[in-house]
Amino acid sequence: MTETLPAVDAATIAQSRHLATAIPGPRSAALHAERTAQVTNGFGIALPVFVTRADGGIIEDVDGNRLIDFASGIAVTSLGASNKRVAQRVAAQLEAFTHTCFMVTEYESFTQVCKWLNENTPGDFEKRTGLFSTGAEAVENAIKIARAATGRANVLVFDEAYHGRSLLTMAMTAKVNPYKLNFGPLPAEIIRAASANPLRPAQGLAAGAEAALESVEATILEHGADTFAAMVIEPIQGEGGFIVPAAGFIPGLRKLADKYGIVLVIDEIQAGMGRTGTLFASEHEGVAGDLILTAKALANGVPLSAVTGRAELMNAPHAGGLGGTYAGNPLACEAALAVFEQFEDGTLMQNAKRIEEVAREILEPLLTSTNVVAEIRGRGAMLAIELADAGTLAPRADLAKEISAACHAAGVLTLTCGTHGNVVRLLPPLVIGEELLRDGLIVLAQAIADAAK
Ligand SMILES: Cc1ncc(COP(=O)(O)O)c(CNCCCC(=O)O)c1O
C-alpha cells in the first residue's frame, strides 16, 4: 500500500517516538508521588507520566520522552491535542469572554453548533439540539427529554454498555467494578437486555442479531412495552470492549422502538465524529436514532456534549427544564466550530479508514500466528484486539495488561477495556502520520507476540 495519511494540520511537536528515560521517567515519578499526596485515590491512571505537550500522534512528557498516542485522551483529540485552528478560535473567544451562561444571555456560536449538528446527524427530519458539557450529562438529558416526550419512566440498556459515571448513567453502565462498586443504591427504572456480541453471545442465546432481538423484545414485553421511555445503544460499544453489534441488531432495535413507541437513543459519544470512517458511526447501520448523543471529539478536548434529535421530542421539556451553568460554554462552542471546519473536506474520515487498513495489515497475522488473539474488530480508527485462549475463549486480562505495559515501556500509549478487561484498544488521533502509526503498531504486534509465547 503506498497511500499515506495526509496531515490535516501540521503538528507542533516532532512526530517521532523518543525515549530519553525509562517510562515513567524520574520527573514523572516524583510528580506522581506528589499527586498521590494531594489527589483522591478514586482516579485511576493508565500510564503515570506527566505531559508537557501533545499534538498530532505524539505526547511529550516532563522527562523529554515522546510517546506515540493510541488513546487520544479516550477518543477526544482526534484532530491532535494542539490543533492550530481549534487553538486560534478558542484564543479569540478567550479575549472576548469565557462565559456568560447560555441560560442568562445568548451567544451565536451556541446556535451555530446546534445548526451544524441538526444538519449533519443522520435523520431526514426537523431537529433541535441541546448542548451540555460532559457525555454523562448528554445521556442524562436524553433520558429527561425522552421521559418528558413519552410520559414513561423505564430505560432499556444493554449488556456491556457504558454510558457514564453519574448516578443515572452509572446505573445504565453494565460493568460493576470499577464504575458502580459501593456507589449504590442505583435508580430502579434501568432495565438491561441482551446485546449482540458476535464473539460472546448472551448466555443461552444463539449467535447473531435474531436471537438477541427476540430476547430484547421479550424483555420489553416482560416489563410492559408502554413503560419504556427510551432504549440507549452505542453503535460500537466502547468501554465494553469495542464491540461491533452483530449485523442487523441496531436496525432491529429501530424496528422495536417504532413498534412500541420507544425513543431510540444512539450514544455516539465515543464512536462518533469521524472516528469510524463516517461522520457518525450509526451511518454504518443505516439507522437514524430519534436522539443522537455526541461529546468527546465534538470539541477536540474542550468539554462539550450534545443531544440532537427529532424536534417534537427535543421540544417536549418545559422551558427551564434543561440547562446547566457551563452547558455549551462559548470556548467549547468555538472549539467545535473549528472541528466542524476541518471535517468539511472528508480528509479525516479518509484518515480513519486508512488507519484501519494499516492496523489490520500489521495486526491480523496475529490471529493465526498466536493462540491468544480471539478477534481483531472495530471500524476505522476505533479498533480492538481481544485476548482470549483459543477454543475456550477464556478471557486473558493478564495478557492485555502485560501487552499494554510492554507498549508503555516502549513509548506507545495504549488503553485496555472490555467487560473482562481483556481488550487492547486503539484510538489514535485521526491526524497521526502513517510512519508513526506503523511504528506504534509494530511495537504493539511484537508485544502481543511476546506475550503469546
Ligand atoms: C459511549 C459513551 N457514553 C458516555 C460516556 C461518558 O462521557 P463522559 O464525558 O466521561 O461523562 C462515555 C465516556 N467514555 C470514557 C469514560 C472513561 C472513564 O470515565 O473511565 C462513552 O464512551
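The values are calculated or read from the model by the stated rules, or taken from the named source; none is laboratory data. Not measured: the values here are computed from a predicted model. Positions of Cβ are backbone-derived with ideal geometry, glycine not excepted, and every protein chain shown enters the neighbour counts. Ligands, DNA and RNA are excluded from the accessible area calculation, which covers all protein heavy atoms including side chains. Shrake-Rupley method; radii C 1.70, N 1.55, O 1.52, S 1.80 Å.
With respect to the conditions (1) at pLDDT 95 or above; (2) part of a loop (DSSP other than H, G, I, E, B); (3) open to solvent by 60 Å² or more (accessible area, probe 1.4 Å), A7 falls short on a single one, namely (1).
Quick check on the stretch 131-156: of everything there that is among the basic types (K, R) and more than 20 Å from N118 (Cα to Cα), which residue is least open to solvent (accessible area, probe 1.4 Å)? Per the criteria, the residue is R152. Hey, among the residues in the stretch 228-245 that are more than 10 Å from the ligand (Cβ to nearest atom), out of contact with any helix residue (DSSP H, G or I) (no Cβ under 9 Å at 6 or more places or on another chain) and not aromatic (F, W, Y), which one's farthest from D258 (Cα to Cα)? Ranking the candidates gives G241 first.
In this entry, E285 is excluded by the filter for residues that are touching a residue at least 60 places away in the same chain (Cβ under 8 Å) and open to solvent by 10 Å² or more (accessible area, probe 1.4 Å).
State whether the residues of the stretch 47-59 include one that is more than 21 Å from N300 (Cβ to Cβ) and surrounded by 22 or more Cβ atoms within 10 Å (Cβ to Cβ). Yes, the stretch 47-59 contains at least one residue that is more than 21 Å from N300 (Cβ to Cβ) and surrounded by 22 or more Cβ atoms within 10 Å (Cβ to Cβ).
Residue selection: F125 fails the criterion of being more than 16 Å from the ligand (Cβ to nearest atom), under 21 Å from G272 (Cα atoms) and part of a helix (DSSP H, G or I). For the stretch 163-174, name all the residues that are more than 12 Å from the ligand (Cβ to nearest atom) and more than 16 Å from T134 (Cα to Cα). The answer is A171, and nothing else.
Matching residues to (1) without any contact (Cβ under 8 Å) to a residue 60 or more places away in the chain; (2) touching a Cys at 6+ places or on another chain (Cβ under 6 Å); (3) more than 13 Å from the ligand (Cβ to nearest atom):
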position	(1), (2), (3)
A161	no, no, no
V176	yes, no, yes
G184	yes, no, yes
P201	yes, no, yes
G208	yes, no, yes
T219	no, no, yes
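Matching residues to (1) touching a helix residue (DSSP H, G or I) at 6+ places or on another chain (Cβ under 8 Å); (2) open to solvent by 10 Å² or more (accessible area, probe 1.4 Å); (3) at negative phi:
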{"residue": "L348", "(1), (2), (3)": "yes, no, yes"}
{"residue": "E361", "(1), (2), (3)": "no, yes, yes"}
{"residue": "S369", "(1), (2), (3)": "yes, yes, yes"}
{"residue": "A374", "(1), (2), (3)": "no, yes, yes"}
{"residue": "R377", "(1), (2), (3)": "no, yes, yes"}
{"residue": "A381", "(1), (2), (3)": "yes, no, yes"}
{"residue": "A388", "(1), (2), (3)": "no, no, yes"}
{"residue": "D398", "(1), (2), (3)": "no, yes, yes"}
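The number of residues in the stretch 308-346 that are β-branched (V, I, T) and open to solvent by 60 Å² or more (accessible area, probe 1.4 Å) comes to 1.
Within the stretch 334-351, the set of residues being farther than 15 Å from L117 by Cα and assigned to a helix (DSSP H, G or I) comprises T347, L348, M349, Q350, N351. Within the stretch 268-289, the set of residues being among the charged types (D, E, K, R), within 12 Å of the ligand (Cβ to nearest atom) and out of contact with any Phe, Trp or Tyr (no Cβ under 6 Å at 6 or more places or on another chain) comprises just one member, R275. Restricting attention to the stretch 252-267 and to residues that are touching a helix residue (DSSP H, G or I) at 6+ places or on another chain (Cβ under 6 Å) and within 16 Å of the ligand (Cβ to nearest atom), the residue that is farthest from I220 (Cα to Cα) turns out to be I266. Considering the stretch 290-307, the residues that are within 11 Å of the ligand (Cβ to nearest atom) and open to solvent by 10 Å² or more (accessible area, probe 1.4 Å) include one that is nearest to Q237 (Cα to Cα), namely K296. Among the residues of the stretch 26-34, is any open to solvent by 20 Å² or more (accessible area, probe 1.4 Å) and in contact with a helix residue (DSSP H, G or I) (Cβ under 6 Å, 6 or more places away or on another chain)? Within the stretch 26-34, none of the residues are open to solvent by 20 Å² or more (accessible area, probe 1.4 Å) and in contact with a helix residue (DSSP H, G or I) (Cβ under 6 Å, 6 or more places away or on another chain). Checking A142, A174, A188, A136 one by one, the residue that is more than 27 Å from A338 (Cβ to Cβ), small (G, A, S) and modelled with pLDDT of 95 or more is A174 and no other. Total residues in the stretch 60-119 satisfying the condition of being of a type in the set (A, V, I, L, M), touching a strand residue (DSSP E or B) at 6+ places or on another chain (Cβ under 7 Å) and more than 16 Å from the ligand (Cβ to nearest atom): the figure is 6.
Here S166 qualifies as farther than 17 Å from G241 by Cα and under 20 Å from the mean Cα position of the chain (by Cα).
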